[in-house]
1. In the list 201, 177, which residue meets the criterion of being in contact (Cβ under 8 Å) with a residue 40 or more places away in the chain, in the same structural domain as residue 92 (by TED's automatic domain parsing) and in a helix (DSSP H, G or I)?
2. If the requirement is being at pLDDT 95 or above and either under 23 Å from residue 186 (Cα atoms) or more than 21 Å from the chain's Cα centre (by Cα) (or both), which of these qualifies: 93, 60?
3. Please enumerate the residues belonging to the stretch 265-299 that are at pLDDT below 95 and in a helix (DSSP H, G or I).
4. Does residue 19 satisfy being more than 26 Å from the chain's Cα centre (by Cα), closer than 26 Å to residue 181 by Cβ, free of Cβ contacts under 8 Å to residues at least 40 places away in the same chain and in a loop (DSSP other than H, G, I, E, B)?
5. Among the numbered criteria (1) exposed (fewer than 14 other Cβ atoms within 10 Å of the Cβ); (2) under 22 Å from residue 197 (Cα atoms); (3) at pLDDT 95 or above; (4) in contact with a helix residue (DSSP H, G or I) (Cβ under 7 Å, 6 or more places away or on another chain), which one does residue 238 miss?
6. Quick check: is even one residue across the stretch 65-72 closer than 14 Å to residue 135 by Cβ and either outside any loop (DSSP other than H, G, I, E, B) or in contact (Cβ under 8 Å) with a residue 24 or more places away in the chain (or both)?
7. Go through (1) in a loop (DSSP other than H, G, I, E, B); (2) in contact with a helix residue (DSSP H, G or I) (Cβ under 9 Å, 6 or more places away or on another chain); (3) at pLDDT below 95 for residue 215 and report which single condition fails.
8. Of the numbered conditions (1) surrounded by 13 or more Cβ atoms within 10 Å (Cβ to Cβ); (2) not assigned by TED's automatic domain parsing to the domain that holds residue 136, residue 44 satisfies every one except a single condition; which is it?
């Protein structure tokens, strides 16, 4: 049982069987969702007897914070968590003047196994439970003693392959009984799971949907994203168009630039033709080096030429500047590590 689900009927039943007043549950949720406490002992407006009873029957959190690494520029922090079964996941906090964004994981490992990404190198193990997704938010908020402004499902795993748990966690994140984070400040990044996109469309959540595109055609995409063999780009883009028509939310395209793989002007031209009819933004991400991989980051000149062409075609283009690469917290660098 987890107190991170405000509607957990098992907890309601426990309170009823133990004659605990219902308003106590609201107090507990306030401590968790607003004050980010680590233990029941910190819930000082609860009686000592009640706190002892809670400690005897519940674990407040299942995740154990193993390590925190901070980048030299103090704008990025990476958190290594151990789950109850001994599995490890990572989350990344990105700080700016106006935002505190947490990049959270949805799976242990990753089944997609993009060839340029570290997350799937050790394989896929399992989906995260709803409370394991949410505990990342609580424990990071506790560390910084502040409220997070944005949540992005861009950590380890493919969120749309754990969609039921991801959606349930978003319900709690956005609820006024939970973290009260606007759905418009929650983003999901996917390689393009068509069935998952269709389900998101049916839910009509006002979240931000990002496609990890990374290539201008199926041929290149399937070389660097083996899982992409399951879905044609044509079908993925059709599902994204349908998603936009229902939700009226712009689509974001993420494109990792890899030298001599997908970064020349011909690739940029094909990319433009692919997405020119979308109301969208495109986020260019220079490749972040990973040990034992032969990929390279393009030169500044090649990145600039690629970006400039898309801008001349009136696309909304941004270039993501690398943050956290000195602690392996940049895009594509999250992995299960045993030796911190």
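1. Result of the check over 201, 177: 201.
2. Working: 60 fails: at pLDDT 95 or above.
Result of the check over 93, 60: 93.
3. none
4. Details: more than 26 Å from the chain's Cα centre (by Cα): yes; closer than 26 Å to residue 181 by Cβ: no; free of Cβ contacts under 8 Å to residues at least 40 places away in the same chain: yes; in a loop (DSSP other than H, G, I, E, B): yes.
No: the conditions fail for residue 19.
5. (4)
6. Taking the stretch 65-72 first, the residues closer than 14 Å to residue 135 by Cβ are 65-66.
After this cut, where a residue has to be either outside any loop (DSSP other than H, G, I, E, B) or in contact (Cβ under 8 Å) with a residue 24 or more places away in the chain (or both) as well, the list is 65-66.
Yes, there is a match, as at least one residue in the stretch 65-72 is closer than 14 Å to residue 135 by Cβ and either outside any loop (DSSP other than H, G, I, E, B) or in contact (Cβ under 8 Å) with a residue 24 or more places away in the chain (or both).
7. Going through (1) in a loop (DSSP other than H, G, I, E, B); (2) in contact with a helix residue (DSSP H, G or I) (Cβ under 9 Å, 6 or more places away or on another chain); (3) at pLDDT below 95 one by one, residue 215 breaks only (3).
8. Looking at each condition in turn, residue 44 falls short on (1).
The values are calculated or read from the model by the stated rules, or taken from the named source; none is laboratory data. This is a predicted model, so every value here is computed, not measured. Counting neighbours? That spans all protein chains shown, and the Cβs are built from the backbone with ideal geometry, glycine included.
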